[in-house]
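Note sheet for the following structure.
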Amino acid sequence: MRVKFWGVRGSIPCPGPATVRYGGNTACLELRFPECGNRLIIIDAGSGIRELGDFMMVSDLKKGPIRTELFLTHTHWDHIMGFPFFVPIYLPTTTLTVHGPVSYEGEGLDRVVGGQLTYRYFPVRDAELAAQIRYVDLKEGQRDLGDGIRLTTKYLNHPILCLGYRFEHQGKVLCTAYDTEPYRNLFCTDLADPAYDEAMAHEGDLAAEEQNGLLERFFAGADLLIHDTQYTEAEYRAAKLGWGHSSLEHAVAAAGRAGVKRLALFHHDPLRTDDQLDDLASRYCTPAASTPEIFFAREGMEIEL
């Protein structure tokens with residue numbers, strides 16, 4: 001498997017002189033399988049998918065019609081906003097399958113993603129797209145994607161249905177865990193509070209511990225884990241509880257417990273400058289000889305597993 005990052009930011013694109021080195025585009029990942037005819041799987045359609053599409057027009061189209069699959073972790077706007085600018089969807093020879101979770105039964109993935117392409121928001125309507133596009137609603141479970149590629153999906157802790165992906169091929173494992181935050185006890189734990197109930201507090205602790213353990217088992221032993229680390233622990237505790245994102249410290253500790261080999265810190269806060277990320281890297285990142293090897297994802301970074 002070959003991995004390339006086309007977008008590594010969270011929440012909103014943030015181009016500018018302070019984000020040049022790590023990049024300002026939102027989430028988009030290219031996953032190639034050279035042993036399977038260079039099969040391409042795309043994870044998320046943030047603003048980074050625009051440049052990936054331009055690259056595909058130059059490198060892939062000359063080899064024949066574009067056939068690819070897009071796996072959306074969830075449908076928050078920063079993870080789908082690049083879709084209307086993904087040039088291959090305007091080609092009649094393109095075949096695209098879009099997979100992802102949906103939170104509302106009344107609106108399928110086609111309406112959520114394609115709904116961006118209406119005159120209210122965009123000059124081209126979804127019905128005018130030339131490509132053959134198929135939408136597949138995903139839930140938690142396992143799938144055989146063919147070519148010896150196995151996919152396991154896991155629900156994450158985010159304010160909308162969000163899936164983690166575990167791709168396995170020829171003994172190598174790539175996992176994504178974004179957007180997510182640690183599960184925590186939502187019941188009152190303050191003994192002095194009249195609302196405190198010992199049994200409920202105990203059950204809440206057990207439930208949170210169980211769910212955090214299930215997530216660690218999901219990415220256990222991964223050759224590469226790409227994990228949401230939008231905040232530091234201090235930032236998270238101060239004002240970000242319940243926002244659906246993790247801290248650097250939490251991801252590093254979880255990856256260590258799970259025996260992950262390489263950890264890519266991902267979904268950088270849009271307010272975080274390159275210099276600030278460099279400072280965090282000096283404190284949290286480890287060299288390749290360490291286990292896990294820890295590094296901040298950058299736009300354009302390529303990794304072979």
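Tally up the residues in region 261-286 that are assigned to a loop (DSSP other than H, G, I, E, B), within 14 Å of Q230 (Cα to Cα) and under 20 Å from the mean Cα position of the chain (by Cα), please. Don't jump to the end; show me each part of the working.
Narrowing region 261-286 to residues assigned to a loop (DSSP other than H, G, I, E, B): 261, 267, 269-273, 285-286.
If we keep only those that are within 14 Å of Q230 (Cα to Cα) too, we end up with 267, 269-273.
From the residues that got through so far, the ones that are under 20 Å from the mean Cα position of the chain (by Cα) too are 267, 269-272.
Residues that pass the stated criteria total 5.
Just to be sure before I move on: is S47 out of contact with any Cys (no Cβ under 6 Å at 6 or more places or on another chain), of a type in the set (S, T, Y) and surrounded by fewer than 18 Cβ atoms within 10 Å (Cβ to Cβ) in the structure I sent?
Details: out of contact with any Cys (no Cβ under 6 Å at 6 or more places or on another chain): yes; of a type in the set (S, T, Y): yes; surrounded by fewer than 18 Cβ atoms within 10 Å (Cβ to Cβ): no.
No: the conditions fail for S47.
Is it fair to say R134 is within 20 Å of the chain's Cα centre (by Cα) and charged (D, E, K, R)? Even if it seems obvious, please write down each step before you answer.
Numbers: within 20 Å of the chain's Cα centre (by Cα): no; charged (D, E, K, R): yes.
The answer is no for R134.
Of the numbered conditions (1) more than 30 Å from R298 (Cβ to Cβ); (2) among the β-branched types (V, I, T); (3) crowded, with 17+ Cβ neighbours inside 10 Å, I226 fails exactly one; give the number of that condition.
Of (1) more than 30 Å from R298 (Cβ to Cβ); (2) among the β-branched types (V, I, T); (3) crowded, with 17+ Cβ neighbours inside 10 Å, only one is false for I226: (1).
Of the conditions (1) part of a loop (DSSP other than H, G, I, E, B); (2) modelled with pLDDT under 95, H202 clears all except one; give me its number.
(1) is the only condition that H202 fails.
Give region 152-167 a look and list any residue that's surrounded by fewer than 19 Cβ atoms within 10 Å (Cβ to Cβ) and in a strand (DSSP E or B), or say none.
Hits for region 152-167 are T152, Y155.
Looking at region 287-300, which of its residues are over 15 Å from T19 (Cα atoms) and part of a loop (DSSP other than H, G, I, E, B)?
Restricting attention to region 287-300, the residues satisfying the condition of being over 15 Å from T19 (Cα atoms) are 287-295.
If the condition is that a residue be over 15 Å from T19 (Cα atoms) and part of a loop (DSSP other than H, G, I, E, B), then P287, A288, A289, S290, T291, P292 are the ones that fit.
What tally of residues in region 101-113 results from selecting those that are without any contact (Cβ under 8 Å) to a residue 40 or more places away in the chain and either part of a loop (DSSP other than H, G, I, E, B) or in contact with a Pro (Cβ under 9 Å, 6 or more places away or on another chain) (or both)?
Residues meeting the conditions: 6.
Within the bounds of region 53-68, is there any residue that is within 17 Å of the chain's Cα centre (by Cα), crowded, with 23+ Cβ neighbours inside 10 Å and small (G, A, S)? Don't jump to the end; show me each part of the working.
First, the residues of region 53-68 that are within 17 Å of the chain's Cα centre (by Cα): none.
No: region 53-68 contains no residue that is within 17 Å of the chain's Cα centre (by Cα), crowded, with 23+ Cβ neighbours inside 10 Å and small (G, A, S).
Where the second residue is part of a helix (DSSP H, G or I) and acidic (D, E) and the first is within 28 Å of T153 (Cα to Cα) and lies in region 43-61, which pairs have Cβ atoms under 7 Å and are six or more apart or on separate chains?
Pairs that qualify, where the first residue is within 28 Å of T153 (Cα to Cα) and the partner is part of a helix (DSSP H, G or I) and acidic (D, E), are G46/D78.
Could you say which residue among A18, A45 is small (G, A, S) and within 17 Å of T97 (Cα to Cα)?
Working: A18 fails: within 17 Å of T97 (Cα to Cα).
Going through A18, A45 in turn, the sole match is A45.
With the requirement that a residue be within 16 Å of the chain's Cα centre (by Cα), charged (D, E, K, R) and more than 15 Å from L305 (Cβ to Cβ), what does region 25-52 give you?
D44
The values are calculated or read from the model by the stated rules, or taken from the named source; none is laboratory data. Please read these numbers as outputs of a predicted model, since none were measured by experiment. So basically every Cβ, Gly included, is an ideal-geometry build from the backbone, and we count neighbours across all protein chains shown.
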